[in-house]
Amino acid sequence: MKMHNSPATTATCGQARTPGTTRVPAPAPAVVLVVVVLLLTTALTTHGTTAQTALATLASAGLLGIELVRRLAEALTTRRAR
């Protein structure tokens, strides 16, 4: 018996697509970042830090990291332009 790729069949398999669209995989850096944040949160909470403190620490560290990368990129591109 041959299975047809009807919308009902593909929807039950989790592969439903509308015509003309392609499946876009999650970007690797975003997936790695989510995994690292979850691991750090788990590590901090298992070592006695409250969940609220762990999340606040990781959020502030992330914001500082973003600002550091922005300023570093700005400094490097300004030097190249001269």
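You can think of it this way: the chain between Val37 and Ala51 has 3.8 nm of extra reach, that is 0.36 nm per residue less the Cα-Cα gap. Each of Leu72 and Ala59 was given a label point 7 Å from its Cα along the Cα-to-Cβ line. The distance between the two points is 2.4 nm.
Where a number appears in this text, it was derived from the coordinates with a stated rule and is not lab data. This structure is a prediction, so every number in the text was calculated from the model and none was measured. We place every Cβ from the backbone using ideal geometry, glycine too, and count neighbours over all the protein chains shown.
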